[in-house]
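Below is one structure, written out as structure tokens; the observations come after it.
The values are calculated or read from the model by the stated rules, or taken from the named source; none is laboratory data. In this text, all values refer to a predicted model and were calculated from it rather than measured experimentally. We place every Cβ from the backbone using ideal geometry, glycine too, and count neighbours over all the protein chains shown.
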Amino acid sequence: MEPLLAARLQMTLTLGFHIVFACFGVGLPVLLLVAEGRYLRTRDEGWRTLARRWSKSFGVLFAVGAVSGTVLSFELGLLWPDFMGTFGSVIGLPFTLEAFAFFIEAIFVGIYIYTWDRLSPRAHWLSAFPIAAAGIASAAFVVTANAWMNCPQGFLLVGGKVVYAEPLRAMLNPASGPQVVHMILAAGLVAGFGIASVYAVGILRGNDSPHRRRALALGLAMGAICAPLQAISGDWAARVVARTQPVKFAAMEGQFRTQAGAPLRIGGLPDSETETTRFALEIPGGLSWLARGDPDAVVEGLDRVPRTDRPPVAVVHLAFQAMVGAGVALLALSVWVGGTLVLRKRLPQGRFFLWWVALAGPLAALALEAGWVVTEVGRQPWIVQGILRTRNAVTDSPGVGWVFAAALAIYAALTAATIIALRHLARK
Amino acid sequence: MEPEILLIGVMTAGVTLYALMGGADFGAGVWEFNTALRAGEKERALIYRAIGPVWEANHVWLIFVLVALFSGFPPAFAGLSRALWVPLLLALLGIVFRGVGFAFRSYAADSVRLKTVWGAVFALASTAAPFFLGACVGAIASGRLGVSSDGAYSGDHLTGWINPVSIFCAFYGVGICAYLAAAYMTREARNEGEAALTEVWRRRALVTGLWMGLLSAAGLAIIATSAQELWEGFKDRAWPAVFTSFGAGTFSIIALWRRRFTGAALGAAVTVGAVVVGWGLAQYPALIPPEITLHGARAPREVLWTFLGVIGIGSLLLIPSLVLLLVLFKGKRPDDA
């Protein structure tokens, strides 16, 4: 296997794996806080039992998230030494901040999981606040580093060496705001709908109880609150991409030609040979309106750059469609839940609803992975947009293909083991 | 003061704390590996109770040092990533499996079969991780890595890291972890009122301590014969650390003998800490000897000051949190005993 391809696949695998666990690391502490907080207010032991059970699963998820995150921080250098060797000083700041946030999170995870019987209920509840805050903060910090790769700024490069840098300006680049908000809401969707899914499946299988309904409702609440906000943040993110990375935006939308009054394409299959996107449902002027707020505005197409500077359009477009599609399904569920709650003062009922909730977790994870494919594949062939090509950053160490093969086997085993561990905890 | 000196000081502190805290966690696994056929359930339970609440945090020191390295000295990070490709991947494998092995074993396994499997994974991986991390340290210290000042690597990608010093340090790393774990566990066992286990761990700590003393002397001999630059550094600058380590090691052995277990644990920590600091002093100002130096590889100074400021502010949150963690789980626990 070509080293560049192997290294990229390795990154896809390890990042795609880690990101799911990271989402639970961000979202689950919030649910723990709510559940244990309900216990403090109502003194209903059921809430405490729920939080205590979840805390064990959280321990497993956090541990897997921590080690898979460690893998990533090593891989930055092992796979992309030229990238880190050149720009480590520019993007070091968010990673340093993230290290501190991770530290705080790890410390209080230890305290939270092991002091259920030692601390007073209130003190124990309070110990979850730093976990939640640090989880959100570390996600925010690390995403700004990715945002910088999309919108690099805050440094001066002379002869391939960074001679001057403003790490804070690098961190606060135009892509940071929308990417951070989009990622944190995604974590809320994955964790919230993920939890709700597990209980929906249980209830569909006949394991119904007030305890399970309550757990489902709590997870569903977080997912349903995040879904509409995610739609808004997605629109924001897309506008920023259209402005700062027009080529990525064109690939997302399958827009080959620079064009006034560009249509919004729903579905469709881009063909790089003929430079057309076929089989799409086209809404005239829709894309121009979404990107620029004017249905007649000019939208830049892929033809703006030579073919060698374009990402694989089909992958980006299909991933984007998958993300938006999954998001719409989650949004519809959110609207249904919200509407029923307002009109009837209860949750929707019936098997159809439970099925939808059961699918919501996998859909949220699908949207998450597809979204990362959009932002990462959409930036290709660049590792740092417009400045460093991925091809020039990859390691020349031998055996990258073998490492990827080993990683594939190891991560498959890890996934299986994690599922076994979580199922085991769920049965207890 | 120059910011690169301050930053390397902070990083040395980070490596030291990783050795003292993360190293002890590895060491517990090393002992489980060595005693796999004999360790009783009670002994295992004590190990898991001791590590459980703190291992996640202990582990973050490694991330912290790694991040500081690529932020402050990017070419050094790139150079090490190239030159230590094989041992870093193997260490990473150890780190991953010792983490998940521990988590699955302690949170999610109550069948004997699962416990045995994850316990074995934890034990094996806990031994592999310090072995290969030790090899990395030795490979750097040996001065034979062939990394040029811009971070390019001219050595062999698969075997360039293997030399007498790196192989010695691999075993020495495992030994350090085992020694620390035994010294700490003696105290843990005493605090939990486990008289028989206290004796077991005390004997282990004494024996390992004495062996590590001999091994340290042998290590200096290896350095003197096969890493001339490093040996000069020890003679010039690092000798106070060597004496400190020797003194603290002797103190910890005597304290173990006299059953002063808190003193013995602290003594062991100073012994190991002085080894890490001694390594740093001996190769100063080289980061990857001979070509990559602190001054040559540093990021622009204003960037280093920003990092130092952030580290200072972050420490204001981190240090009280760490103290809270240690007080809760490693302080005196009259109510639990």
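Quick check on segment B:124-156: of everything there that is surrounded by fewer than 20 Cβ atoms within 10 Å (Cβ to Cβ) and over 22 Å from A:LEU414 (Cα atoms), which residue is farthest from the other protein chains (Cβ to nearest Cβ)?
Looking at residues that are surrounded by fewer than 20 Cβ atoms within 10 Å (Cβ to Cβ) and over 22 Å from A:LEU414 (Cα atoms), I get B:GLY146.
Which of the residues spanning segment B:179-207 are in a helix (DSSP H, G or I), over 15 Å from B:THR262 (Cβ atoms) and touching a residue at least 40 places away in the same chain (Cβ under 8 Å)?
Across segment B:179-207, the qualifying residues are B:TYR179, B:ALA181, B:LEU197, B:VAL200, B:ARG204, B:LEU206.
Scan segment B:321-334 and give yes if some residue there is in contact (Cβ under 8 Å) with a residue 12 or more places away in the chain and in contact with an Asp or Glu (Cβ under 9 Å, 6 or more places away or on another chain), otherwise no.
For segment B:321-334, residues in contact (Cβ under 8 Å) with a residue 12 or more places away in the chain and in contact with an Asp or Glu (Cβ under 9 Å, 6 or more places away or on another chain): present.
In segment A:367-396, what residues are among the polar types (S, T, N, Q) and either more than 13 Å from chain B (Cβ to nearest Cβ) or touching a strand residue (DSSP E or B) at 6+ places or on another chain (Cβ under 9 Å) (or both)?
Matches in segment A:367-396: A:THR375, A:GLN380, A:GLN385, A:THR390, A:ASN392.
Can you pull out the residues in segment B:287-303 that are farther than 19 Å from A:LEU157 by Cα and within 12 Å of chain A (Cβ to nearest Cβ)?
B:ILE292
Could you tell me how many of the residues in segment B:116-127 are in contact with a helix residue (DSSP H, G or I) (Cβ under 6 Å, 6 or more places away or on another chain) and more than 11 Å from B:GLY101 (Cβ to Cβ)?
Residues meeting the conditions: 1.
Among the residues that make up segment B:142-163, is at least one of them over 27 Å from A:PHE83 (Cβ atoms) and in a helix (DSSP H, G or I)?
No, segment B:142-163 contains no residue that is over 27 Å from A:PHE83 (Cβ atoms) and in a helix (DSSP H, G or I).
Out of A:ALA63, A:ALA35, I need the residue that is small (Gly, Ala, Ser), touching a Leu at 6+ places or on another chain (Cβ under 6 Å), surrounded by 24 or more Cβ atoms within 10 Å (Cβ to Cβ) and assigned to a helix (DSSP H, G or I). Which one?
A:ALA35
Within the bounds of segment B:169-190, is there any residue that is over 22 Å from the mean Cα position of the chain (by Cα), farther than 30 Å from A:HIS424 by Cβ, modelled with pLDDT of 90 or more and surrounded by fewer than 23 Cβ atoms within 10 Å (Cβ to Cβ)?
Among the residues of segment B:169-190, at least one is over 22 Å from the mean Cα position of the chain (by Cα), farther than 30 Å from A:HIS424 by Cβ, modelled with pLDDT of 90 or more and surrounded by fewer than 23 Cβ atoms within 10 Å (Cβ to Cβ), which makes the answer yes.
Results for (1) more than 9 Å from every other protein chain (Cβ to nearest Cβ); (2) in contact with a Lys or Arg (Cβ under 7 Å, 6 or more places away or on another chain); (3) among the acidic types (Asp, Glu), shown as yes or no for each residue.
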site: B:PRO74; (1), (2), (3): no, no, no
site: B:PHE77; (1), (2), (3): no, no, no
site: B:LEU80; (1), (2), (3): no, no, no
site: B:VAL86; (1), (2), (3): no, no, no
site: B:LEU93; (1), (2), (3): no, no, no
site: B:THR116; (1), (2), (3): yes, no, no
site: B:PHE122; (1), (2), (3): yes, yes, no
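One residue is enough: does segment A:198-221 have a residue meeting the conditions in contact with a Ser or Thr (Cβ under 7 Å, 6 or more places away or on another chain) and on the phi < 0 side of the Ramachandran plot?
Within segment A:198-221, not a single residue is in contact with a Ser or Thr (Cβ under 7 Å, 6 or more places away or on another chain) and on the phi < 0 side of the Ramachandran plot.
Per-residue answers, yes or no, for (1) closer than 18 Å to A:ILE410 by Cβ; (2) within 14 Å of chain B (Cβ to nearest Cβ):
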{"residue": "A:THR14", "(1), (2)": "yes, yes"}
{"residue": "A:PHE17", "(1), (2)": "yes, yes"}
{"residue": "A:VAL34", "(1), (2)": "no, no"}
{"residue": "A:THR49", "(1), (2)": "no, no"}
{"residue": "A:PHE62", "(1), (2)": "no, yes"}
{"residue": "A:GLY65", "(1), (2)": "yes, yes"}
{"residue": "A:GLU75", "(1), (2)": "yes, yes"}
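Which residue, of B:LEU20, B:LEU7, is at pLDDT 90 or above and more than 14 Å from chain A (Cβ to nearest Cβ)?
Numbers: B:LEU7 fails: more than 14 Å from chain A (Cβ to nearest Cβ).
None of the others qualify; the one that does is B:LEU20.
Among the residues of segment B:68-87, how many are touching a helix residue (DSSP H, G or I) at 6+ places or on another chain (Cβ under 6 Å) and in a helix (DSSP H, G or I)? Write out each step before concluding.
The first filter runs over segment B:68-87 and keeps only residues touching a helix residue (DSSP H, G or I) at 6+ places or on another chain (Cβ under 6 Å), leaving B:68-78, B:81-82, B:84, B:87.
After this cut, where a residue has to be in a helix (DSSP H, G or I) as well, the list is B:68-72, B:74-78, B:81-82, B:87.
Residues that pass the stated criteria total 13.
Can you pull out every residue in segment B:1-56 that is of a type in the set (Gly, Ala, Ser) and more than 30 Å from B:THR306 (Cβ to Cβ)? Lay out the reasoning, then the answer.
Kept after step one, since they are of a type in the set (Gly, Ala, Ser), are these residues of segment B:1-56: B:9, B:13-14, B:19, B:22-24, B:27-29, B:36, B:39-40, B:45, B:50, B:52.
B:GLY23, B:ALA24, B:GLY27, B:ALA28, B:GLY29, B:ALA36, B:ALA39, B:GLY40, B:ALA45, B:ALA50, B:GLY52, listed by residue number.
Can you give me the number of residues within segment B:1-30 that are among the charged types (D, E, K, R) and under 13 Å from the mean Cα position of the chain (by Cα)? Spell out the reasoning first.
Of segment B:1-30, the ones among the charged types (D, E, K, R) are B:2, B:4, B:25.
Now drop any that are not under 13 Å from the mean Cα position of the chain (by Cα), which leaves B:25.
Total meeting the criteria: 1.
From the list B:VAL272, B:VAL277, pick out the single residue that is surrounded by 22 or more Cβ atoms within 10 Å (Cβ to Cβ), modelled with pLDDT of 95 or more, under 25 Å from B:ALA224 (Cβ atoms) and under 14 Å from the mean Cα position of the chain (by Cα).
B:VAL272 is the lone residue from the list that is surrounded by 22 or more Cβ atoms within 10 Å (Cβ to Cβ), modelled with pLDDT of 95 or more, under 25 Å from B:ALA224 (Cβ atoms) and under 14 Å from the mean Cα position of the chain (by Cα).
If you go through segment A:155-168, how many residues are within 22 Å of B:LEU308 (Cβ to Cβ) and either within 8 Å of chain B (Cβ to nearest Cβ) or surrounded by fewer than 19 Cβ atoms within 10 Å (Cβ to Cβ) (or both)?
Qualifying residue count for the region: 9.
How many residues does segment A:88-126 hold that are within 7 Å of another protein chain (Cβ to nearest Cβ) and either among the charged types (D, E, K, R) or touching a strand residue (DSSP E or B) at 6+ places or on another chain (Cβ under 6 Å) (or both)?
Qualifying residue count, segment A:88-126: 1.
Can you tell me which residues in segment B:51-67 are in contact with a Leu (Cβ under 7 Å, 6 or more places away or on another chain) and more than 7 Å from chain A (Cβ to nearest Cβ)?
B:TRP61
So, in segment B:108-123, exactly how many residues are surrounded by fewer than 22 Cβ atoms within 10 Å (Cβ to Cβ), over 20 Å from B:ASN34 (Cβ atoms) and of a type outside the set (Lys, Arg)? Spell out how you get there, then give the answer.
Step one: list which residues in segment B:108-123 are surrounded by fewer than 22 Cβ atoms within 10 Å (Cβ to Cβ), which gives B:109-117, B:120-121.
Retained after the next criterion (residues that are over 20 Å from B:ASN34 (Cβ atoms)): B:109-114.
Next cut, of a type outside the set (Lys, Arg) only: B:109-112, B:114.
Of the residues in that region, 5 qualify.
So is B:ARG98 touching a residue at least 40 places away in the same chain (Cβ under 8 Å) and basic (Lys, Arg) or not? Give the steps one after another, and end with the answer.
Numbers: touching a residue at least 40 places away in the same chain (Cβ under 8 Å): yes; basic (Lys, Arg): yes.
Yes, satisfied.
Could you figure out which of (1) under 20 Å from the mean Cα position of the chain (by Cα); (2) modelled with pLDDT under 95 isn't true of B:GLY249?
Unmet for B:GLY249, out of (1) under 20 Å from the mean Cα position of the chain (by Cα); (2) modelled with pLDDT under 95: (2).
Taking interchain pairs and intrachain pairs at least six residues apart, which have beta carbon atoms under 7 angstrom, with the first residue in segment A:18-42 and closer than 12 Å to A:ALA215 by Cα and the second among the hydroxyl-bearing types (Ser, Thr, Tyr) and crowded, with 21+ Cβ neighbours inside 10 Å?
From residues that are closer than 12 Å to A:ALA215 by Cα, the pairs are A:LEU32/A:SER55.
Is it true that some residue in segment A:396-405 is among the acidic types (Asp, Glu), surrounded by 14 or more Cβ atoms within 10 Å (Cβ to Cβ) and more than 23 Å from B:VAL96 (Cα to Cα)?
No: segment A:396-405 contains no residue that is among the acidic types (Asp, Glu), surrounded by 14 or more Cβ atoms within 10 Å (Cβ to Cβ) and more than 23 Å from B:VAL96 (Cα to Cα).
Limited to segment A:113-131, what total is found for residues that are crowded, with 20+ Cβ neighbours inside 10 Å and aliphatic (A, V, I, L, M)?
The total comes to 3.
Of these, B:ILE319, B:ILE313, B:ILE223, B:ILE254, which one is β-branched (Val, Ile, Thr) and crowded, with 19+ Cβ neighbours inside 10 Å? Outline the logic, then answer.
Values: B:ILE319 fails: crowded, with 19+ Cβ neighbours inside 10 Å; B:ILE313 fails: crowded, with 19+ Cβ neighbours inside 10 Å; B:ILE254 fails: crowded, with 19+ Cβ neighbours inside 10 Å.
Among B:ILE319, B:ILE313, B:ILE223, B:ILE254, only B:ILE223 is β-branched (Val, Ile, Thr) and crowded, with 19+ Cβ neighbours inside 10 Å.
Out of (1) buried (at least 19 other Cβ atoms within 10 Å of the Cβ); (2) in contact with an Asp or Glu (Cβ under 6 Å, 6 or more places away or on another chain); (3) not in a strand (DSSP E or B), what's the single condition that is false for A:ARG265?
Among (1) buried (at least 19 other Cβ atoms within 10 Å of the Cβ); (2) in contact with an Asp or Glu (Cβ under 6 Å, 6 or more places away or on another chain); (3) not in a strand (DSSP E or B), A:ARG265 violates only (3).
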